[in-house]
1. Take region B:1-11 and flag every residue that is buried (at least 18 other Cβ atoms within 10 Å of the Cβ) and either within 9 Å of another protein chain (Cβ to nearest Cβ) or not aliphatic (A, V, I, L, M) (or both).
2. Would you check which residues across region B:52-71 are more than 16 Å from residue A:181 (Cα to Cα) and charged (D, E, K, R) and list them?
3. Quick test of your reading of the structure: residue A:41 fulfils all but one of (1) at pLDDT 80 or above; (2) polar (S, T, N, Q); (3) open to solvent by less than 80 Å² (accessible area, probe 1.4 Å). Name the failing condition by number.
4. Could you tell me which numbered condition residue A:10 fails, if it satisfies all but one of (1) among the hydrophobic types (A, V, I, L, M, F, W, C); (2) open to solvent by 100 Å² or more (accessible area, probe 1.4 Å); (3) modelled with pLDDT of 85 or more?
5. Would you mind stating whether residue B:71 is closer than 16 Å to residue A:233 by Cβ, charged (D, E, K, R) and either free of Cβ contacts under 8 Å to residues at least 12 places away in the same chain or open to solvent by less than 10 Å² (accessible area, probe 1.4 Å) (or both)?
6. In region A:52-71, which residue that is farther than 25 Å from residue A:176 by Cβ and crowded, with 17+ Cβ neighbours inside 10 Å is farthest from the chain's Cα centre (by Cα)?
7. Mind checking which helices (runs of 4 or more DSSP H) fall wholly inside region B:54-123 and carry at least 3 residues that are within 8 Å of chain A (Cβ to nearest Cβ) and at pLDDT 90 or above?
8. Just give me the residues in region B:12-46 being open to solvent by less than 20 Å² (accessible area, probe 1.4 Å) and part of a loop (DSSP other than H, G, I, E, B), in sequence order.
Amino acid sequence: MKEKSLESFISKVEELRALFVLGQRVIPLLEELFAFVSETQPLLEEINTSIKENLTKMPNLSKQLAKVTEATELATNEILDIIDGVFYKIDIANSNLSQIEKVHSEISTRLANKFSSETTETKFLFTEISGESQKLSNENFFAELKDLSSLLNSTREILDNIRNDASSIMLALQIQDITAQQIAAVNHLLNIVQTRLNVLLAKFPFFTEEKFEQKEDINESNINLLHKKIAFDPDAVDSLSKSTTRQEEIDKLFNESSVETPVISQPLNEDLVPNEIAGALDENSNEAISQEDIDKLFKEEKNNN
Amino acid sequence: MKFLVVDDSPTMRRIVVNALKSFGIDDIVEAEDGQDALAKLQSNKIDFIITDWNMPNMTGLDLTKAIRNSDQWKDLPILMVTTRGLKEDIIQALQAKVNNYIVKPFTPQVLKEKILSILKTNV
């Protein structure tokens, strides 16, 4: 009986010894773990501070983006106002040119008739012509009239060029809409980051001890409310550099499509079609428009209907 | 012939309207989103719609679907002018039955060609 108790006692001592050995091995590991945690804590606190700082900066960032959008919109509208002014002045200049051309043409015709006929009226008129006018009746007069005509044509061409340039500038201003959408997309991403960081902060108990101070006025901390509401294309970033390629691809897709797009059941009243458009329609009635792709698709669809 | 230009960006509306005027189209109504466009359709006899896609309240795609589902306006020509150029977007637009599609930024020539191509099938 005593032998068995002794064996049991020795076994217990062995277990105890093994425990001590394990303890001796584990202690350095635990020490390392404690050291790691103590080293990590400042890092985590730093991350915490950094997150809080960035969270407070985000509304400012959003405000700045909103200002950029507003500034570009304002500038674009100012440019558009100027272009409208240019168009208006071109119209006036064109109208003046037309009047000059009309008068020039009438004078040319009348004088040509008068110089070539020997009617009494002509003779009478010749007597009425002042010394200055007589000077005009020399051989150079018609050449001068011709020069004036070409000058008028060249001025009209210049005005047309100015109009085209102004139109190009106006269309280049589409960039304002595209950049506004890009900025709105960035703002949306900022909002997502802000929301996720807030969730992250709330999940860590030691972070919540000194909670990120949410301003009472939600309008000042919620990025979404800071930026003007703009519906945006999240992929608008690509739209500047690849628009031509993209349009070609789109035309191709429309060509290949078997989806039926509606054709107006009642034919349009041709009288209502603007002259320039109607003219172009007549011109193109027997030939394909330059973008063959589009025509193919719509011809097919018309046939299907 | 009356055109309806739908875009939430006043700048874009102005650009499209100016381009249309340069083509000799002067009868133009403007709307700032899909809902506004539907209201303008009620109060005007519109012959042609040029619409953006991304708009608050009602997108151009939803506007197209609403028009195609209506008895009154289902045959109205719709030209979509948008920054969206992904294949999925075009397929969605085709399925919604837009008559044609232009990606921004566009040139007046492209705008004119697309309008012509739509009108050509209808005049």
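The values are calculated or read from the model by the stated rules, or taken from the named source; none is laboratory data. Just so you know, these numbers come straight off a predicted model, no measurement behind them. As a convention, Cβ positions derive from the backbone with ideal geometry for all residues, glycine included, and neighbour counts pool all protein chains shown. Surface areas here come from the heavy atoms of the whole protein model, side chains and all, with no ligands, DNA or RNA. Shrake-Rupley method; radii C 1.70, N 1.55, O 1.52, S 1.80 Å.
1. Those that are buried (at least 18 other Cβ atoms within 10 Å of the Cβ) and either within 9 Å of another protein chain (Cβ to nearest Cβ) or not aliphatic (A, V, I, L, M) (or both): B:1, B:3, B:7, B:8, B:9, B:11.
2. Within region B:52-71, B:62, B:65, B:68, B:71 meet the criteria.
3. Of (1) at pLDDT 80 or above; (2) polar (S, T, N, Q); (3) open to solvent by less than 80 Å² (accessible area, probe 1.4 Å), only one is false for residue A:41: (3).
4. (2)
5. Answer is no for this residue.
6. Checked region A:52-71; the qualifying residue farthest from the chain's Cα centre (by Cα) is A:52.
7. B:108-120
8. Result: B:23, B:25, B:33, B:46.
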